[in-house]
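Taken together, the values in this text are just the output of simple stated rules run on the coordinates, not laboratory data. The structure presented is a predicted model; accordingly, all values stated were derived computationally and were not measured. Because the Cβ atoms are built from the backbone with ideal geometry, glycine has one as well, and the counts that use them run over all protein chains shown.
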Amino acid sequence: MDVPGIDPGRIPVHVAAVMDGNGRWAQRRGLKRTEGHAAGEEALMDAVEGALDLGVRWLTVYAFSTENWRRPTDEVRFLMGFNESLLVRRRDELNDKGVRIRFIGRRDWRVPKRLIRRIDESVALTQANRTLTLTIAFNYGGKAEIIDAVRRLVDEGVPAAKIDEKAIARRLYDPEMPDPDLLVRTSGEYRLSNFLLWEAAYSELVFTEVLWPDFRREHLFDAVREYQARDRRFGGLSG
Ligand code: IPE
Ligand code: IPE
Ligand code: MG
């Protein structure tokens, strides 16, 4: 689909998003923080639609960080149940749209078994789809991902001299995932919060004041317009 002001020949292949600001969105309305998370579902679905409209091939969203365990138990419990039910509610719809669901993150004992089951089912259900890969970063931390890759290198007995970028990249959570071209963060926070540390080395960063529950495909289009106005040099000179 053609979107005004967007060059269809230079659509970012991979867009990553830090879905932030749910709690503030709710608090501003006198609601509980968890209601902000619930309202984020609509934003996610609209962002997926926007990615499909543009022909973005990979969309990765930060749903729960390795640091989010520091939140109150009730909120953590809500997020576990919410993400599980979201998958059940939305996976058929996503599957019909040609979306392949994938996950990156640590499957440690703190992640409920039921959620792991839903994740595995959703990944299996949608594995043949190719239109858009929606990767959900859950119990994800960029440092944990690099640590896990290093552990694998050591376990496999890879000699130090053989360790290069490729050797590490091949051992990240999803070796097939291309590096994000564009990384968007909502809610006016200007940091990565441990998201895709390795992969975002050359991503274009776009920050918006919009709180995640208010995010809609138009905001994604705005971010892509900003992306297309950037000069990506990768350490070289302008082409
Ligand atoms: C992002 O919204 C969702 C998660 C971290 C799970 P927040 O819950 O961080 O919302 P704010 O930043 O407190 O407003
Ligand atoms: C980042 O948001 C994690 C997710 C959106 C899942 P946070 O709200 O946890 O980040 P900080 O704590 O403000 O850095
Ligand atoms: Mg936050």
*asked:* Being within 16 Å of ligand 3 (Cβ to nearest atom) and hydrophobic (A, V, I, L, M, F, W, C) narrows it down to one residue among A124, A144, A137, A149; which is it?
replied: A137
*Residues in region 159-178 that are closer than 16 Å to K143 by Cα and in contact (Cβ under 8 Å) with a residue 24 or more places away in the chain: how many?*
5
_If I ask for residues that are of a type outside the set (G, A, S), buried (at least 17 other Cβ atoms within 10 Å of the Cβ) and either under 16 Å from V76 (Cα atoms) or free of Cβ contacts under 8 Å to residues at least 40 places away in the same chain (or both), which ones from region 124-145 would you list?_
T126, N129, F138, N139, Y140
_Whether any residue in region 158-165 is in contact with an Asp or Glu (Cβ under 8 Å, 6 or more places away or on another chain) and either within 16 Å of ligand 1 (Cβ to nearest atom) or not charged (D, E, K, R) (or both) is what I want to check._
no
*Tally of residues being within 16 Å of ligand 2 (Cβ to nearest atom) and free of Cβ contacts under 8 Å to residues at least 24 places away in the same chain across region 7-25*: 1
*Among the listed residues A26, A63, A51, which satisfies the condition of being within 10 Å of ligand 1 (Cβ to nearest atom) and touching a strand residue (DSSP E or B) at 6+ places or on another chain (Cβ under 6 Å)?*
A63
*Among the numbered conditions (1) more than 18 Å from the chain's Cα centre (by Cα); (2) among the aliphatic types (A, V, I, L, M); (3) assigned to a strand (DSSP E or B), tell me where L237 comes up short.*
(3)
*Across region 171-191, which residue is farthest from ligand 2 (Cβ to nearest atom) among those that are under 12 Å from the mean Cα position of the chain (by Cα) and under 19 Å from F234 (Cβ atoms)?*
D179
*All positions within region 212-223 that are under 16 Å from the mean Cα position of the chain (by Cα) and either outside any helix (DSSP H, G or I) or more than 22 Å from S65 (Cβ to Cβ) (or both)*: F215, R216, R217
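Applying the selection to region 186-198, what residues are more than 13 Å from G141 (Cβ to Cβ) and either more than 10 Å from ligand 3 (Cβ to nearest atom) or free of Cβ contacts under 8 Å to residues at least 40 places away in the same chain (or both)? First the steps, then the outcome.
Just the residues of region 186-198 that are more than 13 Å from G141 (Cβ to Cβ), to begin with: 186-191.
If the condition is that a residue be more than 13 Å from G141 (Cβ to Cβ) and either more than 10 Å from ligand 3 (Cβ to nearest atom) or free of Cβ contacts under 8 Å to residues at least 40 places away in the same chain (or both), then G188, Y190, R191 are the ones that fit.
Quick one: is L59 within 12 Å of ligand 2 (Cβ to nearest atom), under 17 Å from the mean Cα position of the chain (by Cα) and among the aliphatic types (A, V, I, L, M)?
When the stated conditions are applied, L59 does not pass them.
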*asked:* For the list (1) within 16 Å of ligand 1 (Cβ to nearest atom); (2) of a type in the set (A, V, I, L, M, F, W, C); (3) loosely packed, with under 14 Cβ neighbours inside 10 Å, I need the number of the one condition that V111 fails.
replied: (3)
*Restricting to helices (runs of 4 or more DSSP H) lying wholly in region 1-102: which have 2 or more residues that are of a type outside the set (V, I, T) and within 19 Å of R185 (Cβ to Cβ)?*
22-28, 33-54
_For a quick check of your reading of the model, give me the residue pairs whose first member lies in region 46-57 and is on the phi > 0 side of the Ramachandran plot, whose second is in a loop (DSSP other than H, G, I, E, B) and aliphatic (A, V, I, L, M), with beta-carbon atoms closer than 7 Å and at least 6 apart or on different chains._
G55/I11
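Only one of A149, A160 is loosely packed, with under 15 Cβ neighbours inside 10 Å and away from ligand 2 (no atom under 16 Å from the Cβ); which? If you could, list the steps in order and put the result at the bottom.
Working: A149 fails: loosely packed, with under 15 Cβ neighbours inside 10 Å.
Exactly one of A149, A160 is loosely packed, with under 15 Cβ neighbours inside 10 Å and away from ligand 2 (no atom under 16 Å from the Cβ), namely A160.
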